[in-house]
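Everything on this sheet refers to the single structure shown next.
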Amino acid sequence: MWSIDEQLEMISKGAEEIIEEKDLREKLERAQRENRSLIVKLGLDPSAPDIHLGHAVVLRKIKQLQDMGHKAVIIIGDFTGMIGDPTGRSKTRKQLTAEQVMENAKTYERQIFKILDREKTELRFNSEWLSRLNFKEVIELCSKYTVARMLEREDFKNRFAAHESIGIHEFFYPLMQAYDSVEIKADIELGGTDQRFNILMGRTLQREFKQEAQIALFMPLLEGLDGVEKMSKSLGNYIGINESPSEIFKKAMEIPDHLIIKYFNLATDFHPSEVREIEKRLNSGENPRDIKIELSKELVRLYHGEEEAKHACEEFIEVFQKGKLPQEVEEKAFSEEELRTLTLVEVLCAAKLVTSNSEAKRLIAQGGVKVNGERREKFTFTGFSSGDIIQAGKKRFVKLVTKC
């Protein structure tokens, strides 16, 4: 059994803020005395179903809480999702249909159990209780919060100041998310720092309903592979949990050195003492590349298992450190005529290995382009065949195939 101090150390690992830590200790002590689990809440907006490591930060923290014996209640916001979370929005978000929400919710459900323990997880849809509220109950709910408090929220405040429209229904979103906490009697709610307003409203609403306020556990946003912007599929700086083992490993090796410890804290289940040892090794001058190999291997292990992690590591060393060709390469289809007539520059652009003709020419001139392992230095090289493997730089490969 985990001691209270051990639980607090693991819960605090990587956390941005805990409100209130003193109350968290009291909840943990009481739960231990009563031999029961705390209810840990996470609400998921089903409008963006593809989970990457940035999304997984809070899921990993919940998995750690499950390992301590606590119960996760994951609330799929099928009802709130028809409004859409206005957090960070400069204008009203387009409402999803019930069918779109449910399809996205199913996708989420398939993915979260790559991280969470299914036996210790209760999956709920907030339409169970929100759809049953009558108009009188909705008015009573709205009476517990003021417009002035709503306009303290940064996105609402900015839109109001800029004379941008704010739909009244958008004010319902944080109220409904907060009511979810009342319904399940949450002890802890997790979220990113961008969810601060919504989660703190849950504490307020629980008190209004004569419940003990939940602990707000805020996790920081995880920067992507560019080391600057938060991880995002639209920015292309993400590592998806459903990506292939080799792709996860390769991308993780691109993580900037200054983010290595943050990734160990937020994207793995390593104990804080293990992370401190890794930090000591970095500070003592150990090559960050070697530590990134350990990180990359662990990330693959978490989502694909031990064997795949070992294989991905071996392949990376063979391909990127010894210069051999990878076993699995993305395919790009061309017609037979295109394979015969397109120049090397044109193939590089068409295969999206580069973003422009000038980048292609620069890469070729620098000796950074190979065909089947042989360096090619002529822009006008032609005569490709199905099965040829093009390498651009150290880490980009494409296999040419004939269109069906």
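All of the numbers you see were taken from the coordinates with simple rules; none came from a lab. Keep in mind it's a predicted model, so treat the numbers as computed, not measured. Virtual Cβ from ideal backbone geometry, glycine too; neighbours counted across all protein chains shown.
For the range 4-219, what is one quarter of the convex hull surface built on the Cα atoms, given in nm²? Mean shadow area of the hull around the Cα atoms is 11.9 nm². Report note on the peptides 136-143, 248-255, 394-401: ranked by the mean count of other C-beta atoms within 10 Å, highest first, their order is 248-255, 394-401, 136-143. Over the chain, the ratio between the Cα radius of gyration and 2.2 N^0.38 Å evaluates to 1.16.
What spacing in nm lies between the two simple spin-label points modelled at Lys394 and His271, each 7 Å away from Cα in the Cβ direction? A separation of 3.4 nm, rounded to one decimal place.
Among 173-186, 146-159, sorting by the average number of other beta carbon atoms lying within 10 angstrom of each residue, highest first, gives 173-186, 146-159. Bridge orientation summary for the range 4-219: considering DSSP beta bridges with both residues in this region, about 15 percent are antiparallel.
Determine the calculated [θ] at 222 nm for the chain from helices alone, applying -39500 (n - 2.57) to every DSSP H run no shorter than 4 residues and normalising by the residue count; nearest 500 deg cm²/dmol. Result for the chain: -13500 deg cm²/dmol, rounded to the nearest 500.
Antiparallel as a % of all DSSP beta bridges within the chain, to the nearest 5? If we restrict to bridges inside the chain, about 40 percent are antiparallel.
For the listed peptides 59-70, 22-33, a ranking on the average number of other beta carbons within 10 Å per residue, highest first, reads 59-70, 22-33. Which of the residue pairs Lys230/Lys332; Lys61/Lys310; Lys250/Lys297; Lys250/Lys310 have a Cα-Cα distance greater than 18 Å in the structure shown? Correct reply: Lys230/Lys332; Lys61/Lys310. The per residue volume of the convex hull around the alpha-carbon atoms of the range 245-321 is 79 Å³.
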